[in-house]
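Working notes, beginning with the structure itself.
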Amino acid sequence: MMIPRYDVIFRTCDAVFSVHKTERPFGLTKQEVIKVCFLSLYRALEGLDFRIHILGDRLSEEMLEFFGRFPVEISNGEMGNSESIRQSVLKALEAGEEDWIYFCEDDYLHTEDAFQCIDELIRQRHKILAHEPKDRWARWATRGLAERPLFIHPPDYPDRYMPKKRKPSLIFMAPSRHWRQVSNTTFTFLTQGKSIRRYEKHLLECAEGAKDGRLSRRLYAGLVFWKKGLCLSPIPGLATHMHSHVMSPRVDWEPVMKRNRDILRDRGLL
């Protein structure tokens with residue numbers, strides 16, 4: 001089996017505190033959020049075949065110096081959110097067909113085993129997704145799941161458990177996590193290079209105005225899979241969006257944040 005290679009496109013901007021003006025958890029500044037989240041991602045990737053491209057939008061000298069301490073590629077310009085997303089798609093189109101591209105926004109905190117679990121899902125996807133239900137309609141609706149475009153959304157948003165927002169979805173069991181089918185994500189997700197090419201038009205169209213809801217409707221299947229891909233999110237989450245009230249449940253994120261913050265302080269990076 002081919003060893004997965006991960007191309008991470010880390011979109012970041014420290015010029016604003018929060019696009020949605022929502023409170024950051026743990027009293028962190030925007031720069032602290034970026035540094036802690038980036039380090040958590042970098043540590044989660046260690047031991048795998050990966051490379052990281054920092055796609056900066058008006059990054060300060062402090063942040064450019066910070067990223068320069070890591071083995072990453074850095075590009076920085078004055079773009080705005082829509083152009084930043086568009087540039088991330090164009091960068092992803094340079095990756096190989098079989099490479100796994102991770103579009104990652106700068107305010108997602110990752111667990112230490114995040115990519116161990118993701119890598120496990122990718123390597124064993126045919127085994128994990130191959131089960132055929134007994135119901136004839138369900139078998140027709142979910143046929144060939146292992147061959148469909150696969151998208152992975154590392155957080156587990158709490159609204160998926162709210163009575164008004166619960167939806168029927170497929171559940172899969174992997175050795176380290178359960179994975180739940182979801183039909184909407186932010187612009188933080190993984191997929192293969194060949195899926196980026198397949199949905200290039202939708203990705204570029206939805207970059208304008210950062211229309212993640214429209215992109216989700218174009219890319220991810222619900223009960224019917226016609227021309228759409230399978231998007232999976234882990235239970236419990238392997239990452240969390242660092243905004244109050246939307247953090248992935250069933251994980252104590254404060255110790256995760258503190259471990260990464262302490263490492264940054266020990267290295268003189270915070």
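The values are calculated or read from the model by the stated rules, or taken from the named source; none is laboratory data. These numbers come from a predicted model, not from an experiment. Virtual Cβ from ideal backbone geometry, glycine too; neighbours counted across all protein chains shown. Areas reflect the complete protein model, heavy atoms only, side chains present, ligands, DNA and RNA absent. Shrake-Rupley method; radii C 1.70, N 1.55, O 1.52, S 1.80 Å.
Are there any GluC sites (Glu not before Pro) in the stretch 44-78 that are in a DSSP loop and have at most 12 other Cβ atoms within 10 Å? List them by number.
Of the GluC sites (Glu not before Pro), the ones in loops of the stretch 44-78 whose Cβ has at most 12 other Cβ atoms within 10 Å are GLU46, GLU78.
Across the chain, where is the longest run that never hits trypsin sites (Lys or Arg not before Pro) in a DSSP loop with at most 14 other C-beta atoms within 10 Å?
Counting at most 14 other Cβ atoms within 10 Å as exposed, the longest clean stretch of the chain is 70-133.
Ignoring ligands, DNA and RNA, please state the percent of accessible area on the stretch 65-113 from carbon and sulfur, probe 1.4 Å.
Values: 860 of 2100 Å².
For the stretch 65-113, the apolar C and S fraction of the accessible surface comes to 41 percent.
Would you kindly compute the Cα radius of gyration of the stretch 174-240 and its largest Cα-Cα separation (Dmax), both in Å?
Expressed in Å, the Cα Rg and Dmax of the stretch 174-240 come to 12.5, 39.
With only Lys, Arg, Asp and Glu charged, each at its Cβ (+1 for the first two, -1 for the last two), find how big the charge dipole of the stretch 37-79 is about the Cα centre; round to the nearest 20 debye.
About 160 debye.
Between [x] 19.2, 67; [y] 18.1, 60; [z] 19.9, 60, which entry matches Rg and Dmax of the Cα atoms in Å as derived from the coordinates of this structure?
[y]
Please compute the volume of the convex hull spanned by the alpha-carbon atoms of the stretch 158-270 and report it per residue in Å³.
Values: hull volume 19.2 nm³, N = 113.
Dividing the Cα hull volume of the stretch 158-270 by its residue count gives 170 Å³.
Taking the Cα centre of the chain as origin, work out the dipole magnitude from +1 charges on Lys and Arg Cβ and -1 charges on Asp and Glu Cβ, in debye rounded to 20.
For the chain, the charge dipole is close to 1520 debye.
Quote the charge dipole size of the stretch 90-189 about the Cα centre in Debye, to the nearest 20; the model charges only the Cβ of Lys and Arg (+1) and of Asp and Glu (-1).
About 960 debye.
With unit charges on the beta carbon (Lys/Arg positive, Asp/Glu negative), name the residue among ASN81, HIS53, ILE34 whose Cα is farthest towards the positive pole of the charge dipole of the stretch 1-108.
Result: ILE34.
Give the accessible surface of the chain per residue, rounded to a whole number of Å², with probe radius 1.4 Å and ligands, DNA and RNA excluded.
49 Å²
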